[in-house]
Every structure is written in structure tokens, then in C-alpha cells.
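Undergrad: Sending over a structure as C-alpha cells; questions will come in a sec.
We did not get these values from a lab; they are worked out from the coordinates using the rules stated. Remember, predicted model here, so these are calculated numbers, not experimental data.
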Amino acid sequence: MEREIVYQKNRVEIVRVTPHLYFRRGDMPARRQSNGAFLVSGEVVATVDATTMEAAEEMLQEAVEVFGHPLRYVFLTHGDGDHVAGLPVFLEQPLTIFCSHRLLGQVVPQGYDGPAAFMGIEGVQTLWLGGLEVELSTVPIAAHSPRDLLIRVVQDGCVVAGDTGVSLDHLYFHAADPVEWARLLREIDARGGSAILPGHGDIYPWSHWKEITDFIDLLVQAGNACLEGLSEEEVSALDDDRATQLAGGYLAGPGASAGTIRDTAGASAERELRMVIQALVRKRTGHTA
Ligand SMILES: [Zn+2]
């Protein structure tokens with residue numbers, strides 16, 4: 001679908017998805033900026049994520065330049081560096097910052113006394129931005145991370161997904177619970193909707209939830225197969241090297257699943273499977289990331 005690009009500067013593009021929702025396409029390779037978004041309703045402008053210091057400065061300007069009003073709200077999809085590194089810029093501004101309650105400890109500086117206000121979200125909460133209904137929801141256990149926040153623009157059926165809805169070669173399971181992640185995506189998918197705005201990749205149709213779910217399921221099956229012959233001691237002692245070796249061994253094998261993982265994730269295949277193995281080990285040993 002051809003969508004209107006309403007702004008183009010600094011290797012950033014702002015693309016209109018609906019009259020209330022805009023995708024901010026960052027340039028990760030060149031400028032270390034992951035994707036963000038703008039939600040706009042009347043005089044209210046909100047943005048998603050603070051990817052770098054430069055990006056946060058740019059977003060303050062873009063709000064005024066493109067949407068005609070200063071930025072008022074910020075939503076943080078999770079706490080990975082490429083989504084919150086620009087937060088110090090926003091802490092100097094009279095903004096209200098929404099994030100998962102589990103992220104507050106990481107993003108609110110000790111003794112912070114600046115102009116920004118923080119709101120921790122737990123479960124599902126509805127927010128009215130001007131006349132726009134926005135549903136914020138946290139994850140019960142973990143998806144991409146335990147600190148994920150999903151932002152749904154209700155009337156448009158669009159979700160700003162952060163890294164829960166990314167491209168298939170960029171899933172990163174470093175703090176994930178892959179089984180929970182897939183379960184959550186099945187729930188979101190079943191509810192129906194139109195577009196997904198991811199932290200990495202491009203604007204996706206709703207069917208992308210199923211693609212991610214199927215791929216995570218496949219990685220979990222492969223990860224469990226890798227761990228099958230191991231004793232309990234070997235599982236709890238599993239380090240990076242051993243996990244990489246297991247993943248590499250599996251992917252070099254002749255199985256159809258190994259081929260599908262290689263074809264889907266390309267150069268990231270070994271990393272994705274290694275991280276899933278490690279996530280499954282964390283789950284079994286009760287360690288949290
Ligand atoms: Zn990211």
C-alpha cells in the first residue's frame with residue numbers, strides 16, 4: 001500500500017498510516033535510530049520511544065514542524081538501549097512519559113526532580129489523547145522482554161509494537177520468554193486489526209503476527225530439540241559457547257526446520273536459535289533476564 005511520506009530529513013521518514021498515527025522510520029545502520037511513531041489528536045502530539053539523543057531532539061522539533069504542536073506525551077515500548085538512549089533529552093522537558101511499571105526502576109533517575117512526569121502501566125489501560133482512544137497494555141510475563149508495552153490506536157486497529165512485532169531476523173531473545181511471546185501474539189492476532197508499526201522493519205499487515213508466532217514456535221521446537229539429550233547439570237551450566245555450538249550444529253543439519261530457520265533469519269539464524277536455547281534454559285532453571 002502506498003502511504004504518504006509527510007516528512008523527510010536527517011535520514012528519517014515520517015509516514016502517515018492513518019490520520020492519527022504516523023510511522024517514524026529510523027535509519028538503524030546509518031544513525032542507530034530504531035523506528036518510532038507519532039500519535040496525533042487535535043492539539044495533542046505523542047511520540048513512541050527515545051531511540052538516541054539526536055533522535056529525541058529531532059522528535060521535539062518534528063512535533064512542532066510536522067504536527068504544529070509541541071510534544072506532550074512519550075510512550076516507551078521497552079527498555080533496550082536503542083529505544084531509550086535518548087531519554088535524557090525528554091527528561092529536560094515538561095512531558096508525561098508512559099511505560100511498563102517494570103521499566104520505571106530503569107528509566108527514572110535516582111532523585112529525579114525535573115519537569116517530566118512518569119506513569120507506570122500495569123495490565124490494560126485506556127487513555128484518551130484528545131478524542132483518540134489509546135489502549136496501553138503490558139505483558140503478563142515476558143514477550144520480547146518483561147518490560148514490553150503495546151500501544152493500540154483503537155479506532156484504527158493499529159498497534160505500535162516496539163520489538164514484539166519486529167522483522168523475523170531481528171527478534172532478539174536476550175530478555176524474552178519465547179513461549180509467552182508466541183502465546184501473547186496469538187491473542188493479539190485473534191483480536192484483529194490492520195497495521196503493525198514495529199521497532200525494526202517496516203509497517204506490516206496484521207498477518208505479520210502469525211508469521212512471527214509460527215517462526216517463534218519453530219525456534220522453540222528447534223531449541224528444545226537441541227536441549228533434549230542434555231542432563232540437568234549440563235543445562236544449568238550451559239554457557240554462550242555451548243549454546244552457539246548447539247545452534248550451529250542444529251542449523252547445519254539436514255532437517256526441514258533447520259532449512260526454514262536458515263531461510264527465514266538468514267545471517268541471524270544462528271544468533272536467534274542460540275538466544276532461544278538460552279531463553280529456554282532460563283525458563284527451566286527459573287532465572288530471569
Ligand atoms: Zn530494538
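Undergrad: Please work out the ratio of the alpha-carbon Rg of segment 1-136 to 2.2 N^0.38 Å and round it to two decimals.
TA: Ratio of Cα Rg to 2.2 N^0.38 Å: 1.00.
Undergrad: Per DSSP H run of n ≥ 4, the term is -39500 (n - 2.57); total these for the chain, divide by its residue number, and report the mean residue ellipticity at 222 nm rounded to 500 deg cm²/dmol.
TA: Result for the chain, helices only: -11000 deg cm²/dmol.
Undergrad: Here is a further query. When the chain is fully extended, how far beyond the present Cα-Cα distance does E2 get from D27, taking 0.36 nm per residue of separation?
TA: In short, 7.0 nm is gained.
Undergrad: Check I97: other-chain or 5+ apart residues with amide H under 5 Å from its amide H, H built from backbone geometry?
TA: V74, A117, F118, M119
Undergrad: How large is the Rg to Rh ratio of segment 80-219 when both quantities use alpha carbon positions and Rh follows Kirkwood?
TA: So for segment 80-219, dividing Rg by the Kirkwood Rh gives 0.97.
Undergrad: Given H placed on each backbone N at 1.01 Å, which residues far from Q33 in sequence or on other chains put an amide H within less than 5 Å of it?
TA: Long-range HN contacts for Q33: D27, M28.
Undergrad: Please compute the contact order of the chain in relative form: average sequence separation of alpha-carbon pairs under 8 Å and at least six residues apart, divided by the residue count, as a percent.
TA: Contact order relative to length: 12 percent.
Undergrad: What per residue convex hull volume, in Å³, comes out for segment 218-285 when only alpha-carbon positions are used?
TA: 71 Å³
Undergrad: Something else now. Could you run the Karplus curve 6.51 cos²θ - 1.76 cosθ + 1.60 with θ = phi - 60° over segment 18-29 and give me ³J(HN,Hα) per residue in whole Hz, x for Gly and Pro?
TA: With coefficients 6.51, -1.76 and 1.60, one gets 9, x, 10, 9, 10, 8, 9, 7, x, 10, 5, x Hz.
Undergrad: Next up: Nearest 10 degrees is fine. How inclined is helix 269-285 to the longest principal axis of the chain, computing both from alpha carbons?
TA: Once rounded, the angle reads 80 degrees.
Undergrad: With both partners inside the chain, how many of the DSSP beta bridges are antiparallel, as a percent to the nearest 5?
TA: Among the beta bridges of the chain, antiparallel pairing accounts for roughly 70 percent.
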